[in-house]
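FYI, it's all coordinate maths here, none of it is from the lab. What you are looking at is a predicted structure, and each value in this text was computed from that prediction instead of being measured. Quick reminder, even Gly has a Cβ in these numbers, built from the backbone with ideal geometry, and neighbours come from all protein chains shown.
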Ligand code: GLN
């Protein structure tokens, strides 16, 4: 285990904070601290430079206008892109999966360039996808069903370099069939909730990628009960 502090960049929470996805950074920090791994959250707000030295980058969801401003900032200050070339771990949620791709076309039909971090494009769907989601892990990447809440107009098409994160059982995800994307150490999902409190196995996968060590089990009955309740509500 590394003695140094794992730095979790909370990317543009002032723009991409609409859906409470900062909770993903809190869960990563807590699950490491509880195991004796030093971790801290580094908020990066709009207008600030984006460091390339963090270990994990967490990007949340937001409205079309907010995500357009966010991608403009992240293209002008390409610290996250540099961090990816140095093997940083990245979590992108909803607007995150859209801005990480090659391009995204908004509900107003305007297409914007993305950050080119994953092999995908996004476009506006005919209707807004809102509600509980259940999805089965793809490629045995993690254990247990994925639970979350989606609220998005966009739909995402993956290219061959990006693998799906999961297969949709209830809800829409990327396109009604697959959910999320994994490319290298970049993991994306449409799911809020936020996704990591609801799916601690996913949080531990990101921690394993960041620390190089499989984290010790954590028994948190309240988390298991909340997860079971949300899965039942969606079934
Ligand atoms: N603005 C995007 C959409 O509606 C992303 C929404 C979100 O992040 N929940 O598709």
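Of note:
- Subtracting the Cα-Cα distance of residue 177 and residue 5 from 0.36 nm times their residue separation leaves 58.1 nm of extension gain.
- Comparing Cα centroids, segment 185-235 and segment 61-91 end up 23 angstrom apart.
- Site pair residue 163 and residue 214 shows an inter-label distance of 1.7 nm when each label is modelled 7 Å from Cα along Cα→Cβ.
- With the simple model of a label 7 Å out from the Cα in the direction of the Cβ, residue 136 to residue 235 spans 1.5 nm.
- Antiparallel %, DSSP beta bridges [both residues in the chain], to 5: 55
- Prolate/oblate/rounded call for the chain, Cα gyration tensor, a/c under 1.5 rounded: oblate
- Anisotropy class assigned to segment 124-222 is oblate, per the alpha carbon gyration tensor with a/c at or over the 1.5 cut-off and a/b no larger than b/c.
- Subtracting the Cα-Cα distance of residue 30 and residue 76 from their residue separation scaled by 0.36 nm leaves 13.4 nm.
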